[in-house]
Amino acid sequence: MSITTEKITKRTTAPFRYDIVGSFLRPQAIKKAREGFAKGEITQAELTGIEDEEIRKLVAKQKELGLKSVTDGEFRRSYWHLDFFWGFDGIEHTIPEHGYFFHGEETRADSARLSGKLRFTDHPFLAHYRFLKEAVGEGTLARQTIPSPAQLFAELVRGENEKAVDEYYPNREELFEDISKAYHDIILAFYNLGCRNLQLDDCTWGMLCDRDFWSLMAGEGYDVEELKELYLRLNNEAIKDLPSDLTVTTHVCRGNYHSTWASSGGYDSVAEPLLGRENVSAYYLEYDTDRAGDFTPLKEVSGEKLVVLGLISSKTGTLEDKKQIIARINEAARYIPLDRLALSPQCGFASTEEGNILTEDEQWKKLLFIKEIAEEIWG
């Protein structure tokens, strides 16, 4: 069943019509190995070998499904964002009094705090990407997902972390410049390893949609309008002057931890800077519940950018109603041409190693469901 007579072009670059956000449920072998490593029962080399094996299996499964851009499932990470932050010079792993407060649940208490001037010299994720690229081979894109520069800033000024910012960067302008430069440099390093599809995962815009939540993260002294411009600046400075054959996209959601969420609110208040002025090629947008609002803000999407509609929940194994999903895609197409739309889950299946509350079998059924709908609509 097609929902339009509009001409549909075949996608040859990311994002593709049926797509993923990046993380996958950790297989039991990895959970057991990470547990063993934490207890000192296996070595780092043994852990890495098990991760390698499971990532190869995951890559094969994604390719079997027909995905044109695949990830390593974030299998080597504990968190979608913190592990990346810890890899920069000048950032240390800390354990604050509290984790992040989600709806009905508090996360593990880990954070990233400045321990000096922020720099990129080397990073463990580069070796991770080198392995992924080799495992993927030719004909399929090896996608690198990393948290956005704005997300790093939000973490550095979270709670007690801000004292370290005041110590090392009494002039905040220097911090802003160092964040964007560190990101720009590592993105080029990924590019030099063959990366042509990089995704910035970014919850900061989702926080800004919910005044109560962003005040917890950014503190009462911040002005929301100033934060919008700062987040935009940090992200845009990091991705300017990159090679033209590198596709940079961004994913925006409102939290995804153990099938719970952190913030609520439609995109209306952030649409103009985010959708109109952030210089990415496409947006992966959470849209699986009414907490994300309606599609009206899509009017703000500038140029020829694409939107990947996150209409399918990664938080539950229950399949959505196909007719309702098609109807919602049709509704979104009132604001942005169908040819510039695609479909994915609203987030990854395991933003942290705990994973969401569904089975691996249900995870793959979700992706098959997305593929089925996408092929029905876009051919």
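The values are calculated or read from the model by the stated rules, or taken from the named source; none is laboratory data. Since the model is a prediction, treat every value here as computed from it, not as a measurement. Cβ coordinates were reconstructed from backbone atoms using ideal geometry, including for glycine residues, and neighbour counts include every protein chain displayed. These area figures cover heavy atoms from the full protein model, side chains too; ligands, DNA and RNA do not enter into them. Shrake-Rupley method; radii C 1.70, N 1.55, O 1.52, S 1.80 Å.
Can you report the principal axis dimensions of the chain using only the alpha carbons, biggest first, rounded to whole angstrom?
Its Cα atoms span 59, 49, 43 Å along the three principal axes.
What FRET efficiency would be calculated for the residue pair residue 375, residue 302, taking the C-beta separation as r and a Förster radius of 35 Å, to the nearest 0.05? Mind dumping the intermediate values first?
Details: r = 29 Å, r/R0 = 0.82.
Between residue 375 and residue 302 the formula returns 0.75.
In the chain, with Lys and Arg counted as +1 and Asp and Glu as -1 at Cβ, which of these residues, 66, 186, 204, has the Cα nearest the positive end of the dipole, that is, farthest along it?
After comparing all options, I get 66.
To make sure I understand the rule: partners must be lysines, Cα under 30 Å from the Cα of residue 117, and not fewer than 8 residues away in the same chain. Which ones qualify?
Those lysines meeting the cut-off are 163, 181, 228, 240.
How big is the stretch 1-144 in terms of Cα radius of gyration and Dmax, in angstroms?
Every Cα atom of the stretch 1-144 included, Rg and Dmax give 18.5, 60 Å.
Accessible area per residue for the chain in Å², computed with a 1.4 Å probe and the full protein assembly in place, what is it? Numbers along the way, then the final one.
Working: 15490 Å² over 379 residues.
For the chain, the per-residue accessible area is 41 Å².
Work out Dmax and Rg for the stretch 139-209 from the C-alpha atoms and quote the Rg first, both in angstrom.
Rg then Dmax for the stretch 139-209, in Å: 14.6, 48.
With +1 on each Lys and Arg Cβ and -1 on each Asp and Glu Cβ, how big is the dipole of the stretch 167-209 about its Cα centre, in debye rounded to the nearest 20? Could you put the intermediate results ahead of the total?
Numbers: 3 positive and 8 negative charges, 53 e Å.
Its charge dipole is roughly 260 debye.
Can you tell me the length gained on complete extension of the stretch residue 324 to residue 65, counting 0.36 nm per residue apart and subtracting the Cα distance? Show your work: numbers first, answer last.
Working: separation 259, 0.36 × 259 = 93.24 nm, distance 2.35 nm.
This chain segment gains 90.9 nm when fully extended.
Which of the listed residues, 109, 140, 85, is farthest toward the dipole's positive end in the stretch 49-174, when Lys, Arg count +1 and Asp, Glu count -1 at the beta-carbon?
Working it through, the farthest residue towards the positive pole turns out to be 140.
What's the longest uninterrupted piece of the chain once you rule out the GluC sites (Glu not before Pro) that are loop residues per DSSP with at most 14 other Cβ within 10 Å? Could the numbers behind the result be given before it?
Numbers: sites that count: 6, 41, 97, 138, 220, 304.
For GluC sites (Glu not before Pro) (loop position, at most 14 other Cβ atoms within 10 Å), the longest site-free span of the chain is 221-303.
Tell me, what is a quarter of the convex hull surface for the C-alpha atoms of the stretch 248-379, in nm² with one decimal? Please list the in-between numbers first.
Values: hull surface 30.8 nm².
Dividing the Cα hull surface by four gives the mean projection, 7.7 nm².
Just name one of 364, 159, 281: the one whose Cα is farthest towards the positive end of the charge dipole of the chain (beta-carbon charges, Lys/Arg +1, Asp/Glu -1).
364
Can you list the lysines whose alpha carbon is less than 20 Å from that of residue 31, not counting same-chain residues fewer than 8 positions off?
Counting by Cα, and skipping residues close in sequence, residue 31 has these lysines nearby: 39, 57, 61, 315.
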